[in-house]
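To start, the structure itself, in structure tokens.
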Amino acid sequence: MTRPLPRAGKKPPQKYSIFSLARQAMQGHQGWQAAWRSPEPQPEYDVIIVGGGGHGLATAYYLAKETNVGRIAVLEKGWLAGGNTARNTTIIRSNYLCDESARLYGHAHDLWEGLSQDLNYNVMFSPRGVIMLSHNVHDQQVAARHYHALNLNGIDSTLLSAEEVKEKVPLINIHGRYPVLGGLYQARAGNARHDAVAWGYARAADQMGVDIIENCPVEDFVIENGVVKGVQTPKGVIRAGKVGVVAAGHSSVLAEMAGFRMPLESVPLQAFVSEPIKPCFDTVVMSNSVHIYMSQSDKGELVIGAGSDNYVSYTQRGSFDLFDHAVQPLLELYPFVARLRMLRQWAGIVDVTRDRSPIITKTPIENLFFNCGWGTGGFKATPGSGHVFAHSIAKGEMHDIAAPFGMDRFSTGALIDEAAAAAVMH
Amino acid sequence: MFIIDCPWCGTRDQSEFTTHGEAHITRPEDPETLDDAEWAQYVFYRNNVKGWYRERWVHSSGCGRWFNLLRNTASDAIAASYRPEDPLPPLPEDSY
Ligand SMILES: Cc1cc2nc3c(=O)[nH]c(=O)nc-3n(C[C@H](O)[C@H](O)[C@H](O)COP(=O)(O)OP(=O)(O)OC[C@H]3O[C@@H](n4cnc5c(N)ncnc54)[C@H](O)[C@@H]3O)c2cc1C
Ligand SMILES: [Zn+2]
């Protein structure tokens, strides 16, 4: 635990730069301010965001920066971004199949590119390229279909031969039990540092006056005549003009409090990391048909994603056989990993929809909005999701890009079917 | 990861089984009278409970038969395993 740093009364917030770093280095790093305050909740806000993960914090940031809704709070059940934001494998890409997804993930991708400057916080966005492998004829046909759809939507995309994959990833074994026949490549894709994204949004939102309140679970909603009026928490009732729920795996639990259901199931998704080694893997490689994806963090750890269990669970630990199923193809594709020790293994609870697309929506309760269903692949969408959700809440009407993702699509039949594109992993 | 008691075979490792989601969702009696929203509830919406949950499992790498589990999704504790024709075992009093 680091001790809380003082944030002196009226002092302007610090700006991070090479100069502030040098100045602090001279003073033995004693003068850094806390990155955000830890205020007690006010009795009332204009907008309350429930869930302090990346998406919730981004929503608060864009609400404060680009709209004039007034007083904003983020209520987080545990510590900031301890949910899926802290647990994901940080892959960022925007090569989705459907037109609606192309716009949503493309919007996010554009925002990633300027995010560190925008937030004055280094989110370590690293467009190191993402390769999605094909292991059989069906994979190759799916890749070709995606390639053409992506071209029509103006999204950068390249089909690689097996040899080109090998050139980019010298450590891969292309002739093993899972032969590599080729790959679909997005050069602009890559990853970012998950914690920094949450902290950067939190700090920037806090500087604009957003109250970020940790250890404050929402236990019920205050609803009067079908209109949400606030939330019930252990710190008392906090009233609100509008409420936006961004609670990932717990979205159904919150919906139940408000008296409706969601078309979601919450399941564990696993990942694990190796001991740190010298840089040897400078791109991101995913394999949809064998459920394994890998990249190397800046610390040198190999970050490896596995599959998801198919039973509902909120336990944040996956089953061992899934881990086993990930390790087998991992060693076939990357034999060198056999000699590494694995340091940590964990799971996050992901909220999965049937069409594998998110839900950004109004609800049966007036002024209550939900942003969920990001399932196994929402980290990449964090800036775009927050941006369109903020504007939807502020206006009371869904943003253009968000509109097709309403929960009414499950009744109208206008599903956005990314099941093939997303499979288990993103 | 848990151990499941198949009502026909006895106790086996979870990896022998597959699940098919929430149990006791009955097909609408009068399909013609349902509107789109009601169909959506039947097809897509689930209780997705954090707590005691009744769900369908099949012993896919065993006897191949279907049964139901009463499992707590917050702890993975299992209170009962029962055949489709069995009466519903009651929800445990404790929340774990
Ligand atoms: C192992 C794993 C690997 C993944 N890999 C990738 C990847 O490579 N690329 C990618 O794009 N995505 C990936 N994802 C998915 C991604 O992590 C999520 O889609 C994304 O982080 C969701 O962000 P969020 O802010 O909505 O959720 P979260 O970060 O989970 O935030 C939700 C917050 O709501 C809080 N909350 C819940 N209930 C309440 C309550 N009652 N009151 C107050 N607060 C509450 C929670 O504590 C939590 O902090 C992965 C996920 C996992 C688990
Ligand atoms: Zn059996």
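What size of dipole, in debye to the nearest 20, comes out for the stretch A:246-324 about its Cα centre when the only charges are +1 on Lys and Arg C-beta atoms and -1 on Asp and Glu C-beta atoms? Please list the in-between numbers first.
On the way: 4 positive and 9 negative charges, 30 e Å.
Result for the stretch A:246-324 is approximately 140 debye, rounded to the nearest 20.
Kirkwood hydrodynamic radius computed over the stretch A:243-315 comes to 14.9 Å, based on all pairs of distinct alpha carbons. The aspartates and glutamates whose alpha-carbon is closer than 13 Å to the alpha-carbon of A:K168, local same-chain residues fewer than 8 away aside, are A:D282. Between B:G21 and B:R56, the built amide H atoms are under 5 Å apart, and every one of these is 5 or more places off in sequence or on another chain. Scalar couplings 3J(HN,Hα) for the stretch A:145-151, obtained by applying the Karplus form with A = 6.51, B = -1.76, C = 1.60 to θ = phi - 60°, are 4, 4, 3, 5, 4, 5, 4 Hz; x denotes Gly and Pro. Going by a ≥ b ≥ c, the root eigenvalues of the Cα gyration tensor, does the stretch A:315-426 fall in the rounded group (a/c under 1.5), the prolate group (a/b larger than b/c) or the oblate group? It is prolate, given that a/c is not under 1.5 and a/b is the larger ratio. Going by neighbour counts of Cβ atoms within 10 Å, the residues B:W39, B:W52 line up, fewest first, as B:W39, B:W52. Using the Cα centre of chain A as origin and beta-carbon charges of +1 (Lys, Arg) and -1 (Asp, Glu), tell me which of A:S126, A:A102, A:M257 is placed farthest towards the positive end of the dipole. In chain A, that residue is A:S126. Note on the protein assembly as shown: antiparallel DSSP beta bridges, both residues inside, total approximately 75 percent of the bridges counted.
By counting other Cβ atoms within 10 Å of each Cβ, how are A:R239, B:R27, A:R203, A:R103 ranked from fewest to most? Kindly include the intermediate steps, with their values, before the conclusion.
On the way: A:R239 15, B:R27 6, A:R203 22, A:R103 19.
Sorted ascending by nearby Cβ count, the order is B:R27, A:R239, A:R103, A:R203.
Charges were assigned to the Cβ only: +1 to each Lys and Arg, -1 to each Asp and Glu. The resulting dipole of the stretch A:84-189 about its Cα centre is roughly 340 debye. For chain A, the share of alpha carbon pairs falling in successive 20 Å distance bins from zero is 26, 56, 17, 0 percent.
Before rounding to the nearest 500, sum -39500 (n - 2.57) across all DSSP H runs of length at least 4 in the protein assembly as shown and divide by the residue total; then give [θ] at 222 nm in deg cm²/dmol. Present the calculation step by step, with values, prior to reporting the outcome.
On the way: 14 runs with 135 residues, N = 522.
Estimated from H runs of four or more residues: -7500 deg cm²/dmol.
Cross-link reach is defined here as a Cα-Cα straight distance under 12 Å, omitting same-chain residues fewer than 8 places apart; for A:K362 the aspartates and glutamates meeting it are A:E397, A:D408.
Each residue of the stretch A:200-205 was assigned a 3J(HN,Hα) from its phi angle through the Karplus curve 6.51 cos²θ - 1.76 cosθ + 1.60 (θ = phi - 60°); the sequence is x, 5, 5, 5, 5, 5 Hz, with glycine and proline shown as x. With Cα atoms as the point set, the radius of gyration and Dmax of the stretch A:15-169 evaluate to 20.9, 62 Å.
Mean 1/r over all different Cα pairs, inverted: what Kirkwood radius does the stretch A:167-321 give, in Å? Numbers along the way, then the final one.
On the way: mean 1/r = 0.0505 Å⁻¹.
Answer for the stretch A:167-321: a Kirkwood hydrodynamic radius of 19.8 Å.
The residues A:V123, A:V312, when put in order of fewest to most other Cβ atoms within 10 Å, stand as A:V123, A:V312. Run the reach check for A:K229 against aspartates and glutamates, Cα to Cα strictly under 16 Å, same-chain hits fewer than 8 apart removed. What comes back? Excluding near neighbours in sequence, the set is A:E44, A:D46, A:E219, A:D220, A:E366. Expressed per residue, the C-alpha convex hull volume of chain B stands at 119 Å³.
A 25 angstrom limit on the alpha carbon distance is what I want to check against. Which of A:K65/A:K242; A:K65/A:K395; A:K235/B:K50; A:K65/A:K299 exceed it?
Values: A:K65/A:K242 17 Å; A:K65/A:K395 14 Å; A:K235/B:K50 23 Å; A:K65/A:K299 33 Å.
In this structure, A:K65/A:K299 lie more than 25 Å apart at Cα.
Residue-wise HN-Hα couplings along the stretch B:3-19, as the Karplus relation 6.51 cos²θ - 1.76 cosθ + 1.60 with θ = phi - 60° gives them from phi, are 9, 10, 9, 5, x, 9, 9, x, 6, 9, 5, 4, 5, 7, 10, 10, 10 Hz; Gly and Pro carry x.
Bear in mind these aren't lab numbers, they're just calculated from the coordinates by the rules spelled out. Given the structure is predicted, the values throughout are model-derived calculations rather than measurements. No Cβ is skipped: glycine too gets one built from the backbone with ideal geometry, and neighbour counts run over all protein chains shown.
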